[in-house]
Each structure stands twice: as structure tokens, then as C-alpha cells.
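Student: Structure in C-alpha cells, see below.
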Amino acid sequence: MSSPYTFADPRLVKLDGFKVEIDEAHERADIILGRPPYNVVAMPQRDQLRLTFETLDEDPRVRIIVLRGEGEHFSSGGNIGGFMEASPEHVSKLAWNIAAPARCAKPVIVANRGYCFGVGFELSLACDFRIASETTQYALPEQKLGQIPGSGGSARLQKMVGITRTKDIVMRSKRISAKQAFDWGIATECVPDAELEKATDKLVGELRTFSPLAQRTAKKLLNDTEDSTLAIAIELEGHCYSRLRQSDDFKEGVEAFNAKRPPKFAGR
């Protein structure tokens, strides 16, 4: 049973365009974009989203974070007028705010349906798992405004699909379907619209069966070695493996395997 999340930070007492719920029984927190029908993301909302991810990252009750939107669209993008009103200094922080899901140590799942444009797409790209409804359309349409993606979209996308496909999407403001996104490795799963919530719940349940410590370690290792050479990545992987070798969770995992029982991980 989910309930509204209570923030101690005064900057998060009144949320701009979204709400947060916590389900302690399932160690889950949901960040829900709540400005339907298109869930446009305002400039102040970006700062609050960053602070929200940082808060949930420190909350021991939360194992998994889910990002989703109200209604038939995840988000059509940002509030265009806000860009002209914001200072250059504020605009320069956009990518840092939207990268909050990637910096978060805990697994972050995003559930996409309908429009997932602009900052909505960039925010999704910063998450660990993207579950897409078959209704999802992804796009970075900034060229139509005489701009380029400014919150990490083109950079993250190029890492995932290469320069040729990224140029096709960015320079033509091209929309791609959920099926195409899945085929290209952008979406983790592509499911019928009616099964989006069920698929999200299933992934949350699966991730909860693993060691929290091993999950955090794997996420950080993969993020940190994305741009490294193979030799460095293997070296860092070895160090992480060695540290986990000393953990209580690894000992529990081995004992559970030998006893043919489900492990009970404690995250240490």
C-alpha cells in the first residue's frame, strides 16, 4: 500500500508538477509526473527532481525507485517559455539535475507510455531500466526550436546507439517507436500498454531479490567504466569483486546456494 512521501527538506514541502509515494512493504518509492495530459516539466521542477532522487537515495526504507507519469503520456518535454526566463547559470545546471537518476546508487526504473519527448526522454535515458508501453514515442525535438538537447540526451543516446542513429534522431527531430527503441537497445522491455504497470511491478520484485550492496556496486561499476578501456574496466571489476567477497551478503548468498534455499540479503 502506497502513501504520500513526507520530506523534511523545506525545498520539497510543495512539489512542482509531481508527487512522491512510498510503499514500505515493497521497499519502493514512486516519483509520479503529475501535470497531465502532457506532464510538461517546469524549470523549478528539475531542481526538485534532483533533490528528490538524492533524498530517496539516502532513505533506508527505499530499495527501488520508479519514475512514471500520470495519464496517457509520460512527458511531452519541458516548459519552453521557462528557458527564455531562466538565467544562463541556471540553464547550465540542467544536465546535472536530469542526471540524478544515474548518480543515484539505487536501481531506477522508468515506465514510459505515450509521448516521451525532450527532457522526458533525457530523464528516461538517465534511468537504469526503461520499460516502454507499445504506445511510447521517443524524440529529441529541440532542432525545431533552433536548439540542441541540453540535458544529456544526445550524449547518452550516442553511447547507446552510436553516432549514425543519434544524428538521425537529433538532427531530424525524428520520433522513434517503442518497438524500434527496444530493437536498438534503448528500451529494456516493450510491453502492451495494459501491461506496463504489471511489468514494472514484476521488475521491482525481481530487483528486490538481489543483494542491495551488490546492486549498488554493479550500477556504479558499469557507470564508471562506460568510457574506460577494457583493461581498466576489468581491473576495476576485479577490485569490486574483491570487496564484495568480504561482504555478509556474499557469505549469505553462498550459504543459501549450498543449502538450496532463497538468500536473505541484508545489504552489508
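Student: How about segment 177-220: which of its residues are outside any loop (DSSP other than H, G, I, E, B), of a type in the set (S, T, N, Q) and in contact with a strand residue (DSSP E or B) (Cβ under 6 Å, 6 or more places away or on another chain)?
Tutor: If the condition is that a residue be outside any loop (DSSP other than H, G, I, E, B), of a type in the set (S, T, N, Q) and in contact with a strand residue (DSSP E or B) (Cβ under 6 Å, 6 or more places away or on another chain), then 200 is the only one that fits.
Student: Please work out if residue 170 is closer than 20 Å to residue 154 by Cβ and in the same structural domain as residue 106 (by TED's automatic domain parsing).
Tutor: For residue 170, the condition - closer than 20 Å to residue 154 by Cβ and in the same structural domain as residue 106 (by TED's automatic domain parsing) - is met.
Student: Kindly indicate which of 157, 145 is surrounded by 13 or more Cβ atoms within 10 Å (Cβ to Cβ) and among the aliphatic types (A, V, I, L, M).
Tutor: 157
Student: Still on this structure, I have one more. Can you say whether residue 117 is among the aromatic types (Phe, Trp, Tyr), under 17 Å from the mean Cα position of the chain (by Cα) and buried (at least 22 other Cβ atoms within 10 Å of the Cβ), as far as the supplied structure shows?
Tutor: It is true that residue 117 is among the aromatic types (Phe, Trp, Tyr), under 17 Å from the mean Cα position of the chain (by Cα) and buried (at least 22 other Cβ atoms within 10 Å of the Cβ).
Student: Residues of segment 221-248 being within 17 Å of the chain's Cα centre (by Cα) and assigned to a helix (DSSP H, G or I), which ones?
Tutor: Scanning segment 221-248 gives 221, 222, 223, 224.
Student: Need the failing condition index for residue 6 against (1) over 23 Å from residue 150 (Cα atoms); (2) surrounded by 13 or more Cβ atoms within 10 Å (Cβ to Cβ), just the number.
Tutor: With respect to (1) over 23 Å from residue 150 (Cα atoms); (2) surrounded by 13 or more Cβ atoms within 10 Å (Cβ to Cβ), residue 6 is out only on (2).
Student: For segment 173-213, which positions are under 21 Å from residue 135 (Cα atoms) and among the basic types (Lys, Arg)?
Tutor: The answer is 174, 175, 179, 198, 202.
Student: May I pose another question? If you take the residues of segment 157-176 that are assigned to a helix (DSSP H, G or I) and in contact with a helix residue (DSSP H, G or I) (Cβ under 6 Å, 6 or more places away or on another chain), which of them is nearest to residue 123 (Cα to Cα)?
Tutor: By that ranking, first place goes to 157.
The values are calculated or read from the model by the stated rules, or taken from the named source; none is laboratory data. Just so it is clear, the model here is predicted, and its values are computed rather than measured. Backbone-built Cβ (ideal geometry, glycine too); neighbour counts: all protein chains shown.
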